[in-house]
Amino acid sequence: MGTSHTVDDRGIAEVVMDNPPVNALPVAGWFELASTVRGLGADRSVRVVVLRAVGRGFNAGVDIKEIQASVGHGALVGANRGCYEAFAAVYECPVPVVAAVHGYCLGGGIGLVGNADVVVASDDATFGLPEVDRGALGAATHLARLVPQHKVRAMVYTAASATAAELHHFGSVLRVVPSDELRATALEVAGAIAAKSPVVMRAAKESLNGIDPWDPKRSYRFEQGFTFELNLSGVGDEARNAFLATGGSADFSGGTTTDR
């Protein structure tokens, strides 16, 4: 349970999220994921990181139940900071990060995938950012790295999701494969990267980050301010309580998963 990792003799690290029932991470889980990715990036024997998950979907955001069970704003602030750290860890990882996405990828999952270097997905994968239904905002920064601008706005305003096939069409998903081929495909892509000079790959990662048109850390932090404003106004609490009252999952940012 939680986050685990392995490193093979080629220098391919696998980071696996496993937090049933829907892979919605608690505050500690986001910080654990960030620490794991940063630790692997600091290991000079690691040449590439594969980020994947087991269970029903890739990632369903943060744990609403944890937030609603807490007194005050501590859990909400913790979730904001934990997501910020995990997304930044993926973006700043000194080696390329390959995200392997299956099932749903919602909210916080978009933050992870949007900051990855390469994305492969199973043909059942869907990507969504329905924060507006949860009284929150955030991760449009990362969605904008996956789909065109007007698609970002439509997805945010309507809470609609996009398929892996759509993202492949946009060029943000490298390959779409059957679910039983996803891990092997991610490792194949990672193997091609691991076979290159590790010195060159680390330089390539740093140089590509350096020419990005905007800083995803700064823009995501800007978005987070609106989430906190909505929470202070009471809108956030109302939306989260309504979601949980209908039997919704622990997912903070997605609208389709349930505990059933």
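Laboratory data are not the source of any read-out in this text; all were calculated from the coordinates shown. From a predicted model like this one, the values you see are computed outputs, not experimental measurements. As a convention, Cβ positions derive from the backbone with ideal geometry for all residues, glycine included, and neighbour counts pool all protein chains shown.
Data overview
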read-out: Rounded to whole Hz, the Karplus (6.51, -1.76, 1.60) HN-Hα couplings of region 160-170, x for glycine and proline; value: 7, 10, 10, 8, 4, 4, 5, 5, 5, 4, 6
read-out: Under 5 Å, built H, 5+ apart or other chain: amide partners of G2; value: D18, N19
read-out: Taking Y91, Y104 and counting other C-beta atoms within 10 Å, the order from fewest to most; value: Y91, Y104
read-out: Most mobile listed residue (V77, V97, V27) in the chain, GNM with C-alpha springs under 10 Å; value: V77
read-out: Within the chain, helix-based [θ] at 222 nm, where runs of 4 or more DSSP H residues each add -39,500 (n - 2.57), nearest 500; value: -14500 deg cm²/dmol
read-out: Interchain or long-range residues, amide H under 5 Å from V101's placed H; value: V120, A121, S122
read-out: Whole-Å distance, taken between Cα centres, linking region 1-68 and region 144-215; value: 17 Å
read-out: Positive minus negative residues near A28 (Lys, Arg vs Asp, Glu; Cβ under 11 Å); value: -3
read-out: Sequence ranges 133-140, 189-196, ranked by mean other-Cβ count within 10 angstrom, highest first; value: 133-140, 189-196
read-out: DSSP-defined beta bridges in region 1-115 - what % are antiparallel, rounded to 5; value: 35 percent
read-out: FRET efficiency estimate (nearest 0.05) - Cβ-Cβ, I211 to F170, R0 22 angstrom; value: 0.65
read-out: Chain lengthening between R81 and A69 when straightened (0.36 nm per residue, less Cα-Cα); value: 2.5 nm
